[in-house]
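This report concerns only the one structure given below.
The values are calculated or read from the model by the stated rules, or taken from the named source; none is laboratory data. Remember, it's a predicted structure, so these values are computed and weren't measured experimentally. Glycine also receives a Cβ, built like all others from the backbone with ideal geometry; neighbour counts cover every protein chain displayed.
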């Protein structure tokens, strides 16, 4: 019922936006002047560069269906029962093992430098882009212009990312009209928003360019992100991500669930009746997760590294999908000592969003 009401709401928004789709020249938008002023004053754009931005805005397309896609993203509308199979499948696990083995050098280096588990980095790239196969089919210019100028609730955020996108294109020598990404404007194998691309992406292969459409830079950048984006939940080397429960007898009114950060410790949770199956130091920061299923609920203990993954995407479902896919990849890798074949040419060919 909730999903149905949300879909109707989004449809109405989309219909209103689509009705004005003919006015696709964003250079005439009332806020375009603000964008150009920020690029000039904060980022030193020259008159020639500003003229290029105006030309890009003139050619941008209004795509209201992208607003609808952002409003009805799977993590917002599905139960955990239905969300999990979107990302944890036999193919995802098998391709994750292949990716892990093909990129051992870069993953091992990322773990050495940042402390992040190779399985978690692999799982994030698996959930985000199927290990680089689906890095996006929408023009990022169109996505960010539509979201930045027309989104009903989050236009300020996307407007800032549109500004960062033009700076990124200038600094990286990219044509704004040629860059492809997600409906929300995320780009590359790691699906960074432009602002985070400029801040947290790294030149991991040392070729003199930060390029998130290459595997080494994507691997290093994911690790750097988990360590630096939210220092209060920075990745902790060697710690688990989640813990299954051996006993759960917690009174709901005494605890909070699904927070953005750990709000207690394992020792405190044990006193309340949440005891993990796996032993771990009681001092570790922790929180409780409540995952609604089609029937019933599923409870877990999350540790700091879970919240680090949530800094990548602030969805409990997303972070749990990454955590469980990482575990499945690790289990399959350990159980399959023989060499795993490389991804086929078809699997490696980018085909846009899944």
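This table checks each residue for (1) in contact with a helix residue (DSSP H, G or I) (Cβ under 9 Å, 6 or more places away or on another chain); (2) surrounded by fewer than 19 Cβ atoms within 10 Å (Cβ to Cβ); (3) within 16 Å of residue 141 (Cα to Cα); (4) at pLDDT 95 or above.
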{"residue": "169", "(1), (2), (3), (4)": "yes, no, yes, yes"}
{"residue": "173", "(1), (2), (3), (4)": "no, yes, yes, yes"}
{"residue": "182", "(1), (2), (3), (4)": "yes, no, yes, yes"}
{"residue": "187", "(1), (2), (3), (4)": "yes, no, yes, yes"}
{"residue": "190", "(1), (2), (3), (4)": "yes, no, no, yes"}
{"residue": "193", "(1), (2), (3), (4)": "yes, no, yes, yes"}
{"residue": "203", "(1), (2), (3), (4)": "yes, yes, no, yes"}
{"residue": "208", "(1), (2), (3), (4)": "no, yes, no, yes"}
Top-ranked residue in the range 267-294 [being without any contact (Cβ under 8 Å) to a residue 24 or more places away in the chain and in contact with a helix residue (DSSP H, G or I) (Cβ under 8 Å, 6 or more places away or on another chain); ranked as farthest from residue 239 (Cα to Cα)] | 272
Sole exception among (1) surrounded by 13 or more Cβ atoms within 10 Å (Cβ to Cβ); (2) under 30 Å from residue 203 (Cβ atoms) for residue 273, by number | (2)
Going through the range 22-36 in order, the residues found to be under 13 Å from residue 159 (Cβ atoms) and under 30 Å from the mean Cα position of the chain (by Cα) are 26, 29, 31, 32, 34, 35, 36
So which of 105, 172 is under 17 Å from residue 194 (Cα atoms) and free of Cβ contacts under 8 Å to residues at least 40 places away in the same chain?
-> 172
Looking at the range 284-299, is at least one residue in a loop (DSSP other than H, G, I, E, B) and touching a strand residue (DSSP E or B) at 6+ places or on another chain (Cβ under 8 Å)?
-> yes
Would you be able to say whether some residue in the range 87-99 is surrounded by fewer than 17 Cβ atoms within 10 Å (Cβ to Cβ) and over 22 Å from the mean Cα position of the chain (by Cα)?
-> no
All conditions in (1) closer than 30 Å to residue 282 by Cβ; (2) assigned to a helix (DSSP H, G or I) are true of residue 237 except (2)
Among the residues of the range 101-124, how many are assigned to a helix (DSSP H, G or I) and either at pLDDT below 95 or surrounded by 23 or more Cβ atoms within 10 Å (Cβ to Cβ) (or both)?
-> 9
Candidate set: the range 264-278, residues that are within 30 Å of the chain's Cα centre (by Cα) and part of a loop (DSSP other than H, G, I, E, B); chosen: the one farthest from residue 254 (Cα to Cα) = 278
